[in-house]
Amino acid sequence: MLEVKNLQKSYEKDRPALTDISFDIKPGTFVAIIGPSGAGKTTILRSLNQLIKDDDGQILLDGNDIRTANKTQLRKYRRQIGMVFQNYNLVERLTVIENVLHGRLGYKSTLAGVFGRYTQEEKEEAMSLLKKVGLEKFALKRCSELSGGQKQRVGIARSLIQHPKVILCDEPIASLDPASAQNVMELLKDLTEEYNLICIANLHQINMAKKYADQIIGIRKGRLVFDESADLLSEDILRTLYDQDITKELE
Amino acid sequence: MINSEENIIQKPKTPRSPQIKLHEQSLSRTMIFIVFGSLILITGYTLTHLDTAGVHVDEAFKGLAITLNQMFLQPNAGSDGVPLLLQALASTVMLSILTTIIGAVFGFLFAVLASKNLTNAYLGAGIRVAMAIVRAIPTIIWALIFSIVCGLGTTAAVLGLSFHSIAYLTKAYSESIEGIDKSTIESLKVTGAKFWVVVFQAIWPTIVASLVSWTFIRLEINFANAIAVGAAAGAGGIGYQLFVASGMSFDFHETGFIVYLVILVTFALEFIAVKIRQIYLNR
Amino acid sequence: MMQSPKKYLAHKGWHQTAVIALIGGIYVFGSWALNFNSVDGFIAVPKAFAWLGIYFRPTAHSMEYLPKIWQKLIQTVLLAISSTVVAAIVSIFVALLGSKVTGINSFVQTIVRGVASFFRNIPLVAWSMILLFSFKQSDFTGFLALLLMSIGYLIRAFMEIIEDEASETMLALKATGASYFQVIFQAVLPQILPSILSWILYMIENNVRDATLVGILTGTGIGFIFDIYYKSFRFDAAGMTVLAIIIVVIALETISNQIRRVIL
């Protein structure tokens, strides 16, 4: 269970980026955060694993507040929260399996991590996860040789090997072609059910959000304007969310 | 998180499952390893065989500390006085600007003739080889060579610095030109425009920002080289004053003062370069 | 832009003319101030090459200088390599501390930036001379001069590489809960290694050339031997030295380019 209560953040004084954001998400739920550019979607996502330090509020993961954690505790929380990026953020020069294994670093002693020493179990798990995302043949390929969709699946495998409770996806399909985008969204949706995860994705494409998400959170100018099941997203709400008529995109 | 049933099925009956490799042997990995390894070995060899001419290194470092203290914490204009030093500085700055202009003009002409996407292969290759040779000879040696023919002085310094600038800028500019999209050139060629018209109407505007960047980088290099030529070839300017102060009269207070002047100029050059680059990038 | 197209083109034409006039003006003023005659200078070039062709040409006789020149040249290359490698080792640590991505805090970043640009902008002549004063005429002097200069350059270059190439992966690994050193060794270093190596190779080439200057000033390596031949009018031997420098520099450049092609 992830509970966010009264989250506040401003980058400049008197210009709040987030005002009083609160929502709950149950395990096994795929959540899409939608809203215009600059509304604060990325800020919300990145404050959930504290890559951005927010100003006030509570972020409770199974009842523990991530915001007040010290450095060691924060590392422990972060390894329970996987993250998938728009630009994949892989180490392009390393192989696919090495990048997947990076997800284990949070569990390792500093020294073992520094030298990249992984156990046989970890390597086997990495292989089976690669199989799951359909890339087992690419394990020894350099990431720079992969296509965008394949890179994103490596990114997803890297977050899964963390044994996460939550996966945060920051615009996961914004750099992908339509076919790869469908592919990645389906994968995320399936994994959410299979592992009983909380998966939160920032999305620009409303049709994608409606198609795959269980729950949709709408953000406008740093405020939460919608937080319901995906079926309840209506044209009216979209109009207030985006200040314009974009219902065409829905059809 | 793995399904435990699946795990059991996957585990082979052999006592140990085969090692999973993390990466294959690749040429680039091996190359990086070899190059770093040999560089470190060479360094180790050199450092252990370094000739220190019997100098006690610890005492020498103490001496160096005293010298640096005199230079940077107690600088003064020494016996030459501020006006003379400023005049010398101005002439060095002038020298570097002058040679950069010469380098840029000839460099651009040669770059156009040397770029693979513009000229015939033989002319281009000829120019590139010639420029590589000119570049391989250090500026100071060019200046010394010209000073035999023209005598020690400005002409030798200008020619010496210009030669290296031309070769350097030819390479830099022609790399910029070769980076231009083919269609830009072709679209003007099909209109029947003459070669130099294409150059100045299509190529020049496309790469002007990068030309300006490279030219200012060269200006900074030329300023450093002008100091070096002044010192080592006795061609005058602030470099010569620096050489006299630090190597003949051993006035390290004055050396420090000159170094501060030089640093001020380089900061100013960097500042101007950033400003002008911004103008050209925003247009 | 709100101007009419005609006005814009007219403005652009005027602007071009002004820039050309300004540069031309600087050239004329500079020539006058430095007492440089462009015509004389231009004529001097073919004269110089004709002279080079006669006097600088190595003869059969100058072959006997070759072993000595070769020995000094090898020594110079070794000095260039070792000073670059030591500078690179120092610089990578400092750059990690000082870059915006991996740095400790903004105070340290500012200090590192300041120190690097200070080191870079102190003229090589000044380093050579003050080191000569303390360390006398020895290889060690040449080594230190090149080292201090290279450190200034490499710190800046490495910081830019880290900021350009490693910031995204750095963020991803931080999000997995990896510790600082794990992120540095698993994400930052593997990512930037090829660019770092490319810069090291470039710096070695550059240091071989700079070593000539340092050598002339401090009496070491290839610069010293050129200076001796030059000052004693043994021009054929000086020519031989220049030829050897050309061969070595171009060989280094070619090898570096081949290495770059494989690793990048």
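A compact table of results
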quantity	calculated
Sites A:Asp65 and A:Lys131 - FRET efficiency at Förster radius 45 Å, r taken between beta-carbons, to 0.05	0.75
Residues B:His253 and A:Ala174, FRET efficiency given R0 of 60 Å [Cβ-Cβ distance, rounded to 0.05]	0.45
Radius of gyration, Dmax [the protein assembly as shown; alpha carbons; angstrom]	31.7, 96
Other protein chain Cβ atoms within 10 Å, averaged over every residue that makes up B:23-36	5
Per-residue mean of C-beta atoms belonging to partner chains within 10 Å, peptide B:41-52	6
Shielding of C:38-45 by partner chains, average beta-carbon count, 10 Å	4
Given charges at Cβ of Lys, Arg, Asp, Glu: chain C dipole, positive-most of C:Ile43, C:Gly24, C:Ser62	C:Gly24
Dipole moment magnitude, nearest 20 debye, chain A about Cα centre, only Lys, Arg, Asp, Glu C-beta charged	1160
Kirkwood hydrodynamic radius over Cα pairs of chain C, then Stokes diffusion coefficient at 37 °C and 0.692 mPa s, in µm²/s	147
Orientation-averaged projected area, Cα convex hull of segment C:86-216 (nm²)	8.2
Rough spin-label spacing in nm, given labels placed 7 Å along Cα→Cβ, for C:Phe118 and C:Thr59	5.4
Three-way shape call for chain B based on the alpha-carbon gyration tensor, with the a/c threshold at 1.5	oblate
Shape of segment A:89-163, Cα gyration tensor, a/c cut at 1.5	prolate
Where labels lie 7 Å past Cα in the beta-carbon direction, separation of A:Ser229 and A:Arg15 in nm	4.1
Segment C:64-263 - charge dipole about Cα centre, Lys and Arg +1 at Cβ, Asp and Glu -1, debye rounded to 20	260
Signed unit charges on C-beta, dipole axis of segment B:137-283, positive-most listed residue B:Thr139, B:Ala209, B:Ala245	B:Ala209
Taking the convex hull of Cα positions in segment A:1-120, its mean projected area over all directions (nm²)	9.5
Extended-chain gain in nm, criterion 0.36 nm per residue less alpha-carbon gap, B:Trp196 and B:Leu41	50.6 nm
Amide N of segment B:103-119 lying under 11 Å from the label point, which is placed 7 angstrom from the Cα of C:Ile23 along Cα→Cβ	B:103-109
Dimensionless Rg ratio for segment C:1-66, taking C-alpha atoms and the 2.2 N^0.38 Å reference	2.20
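Read-outs: derived from the displayed coordinates by stated rules, not from any lab. On a predicted model such as this, the values are computed, not experimentally measured, just so you know. Here the Cβ is made from the backbone with ideal geometry for all residues, glycine too, and neighbour counts use every protein chain on show.
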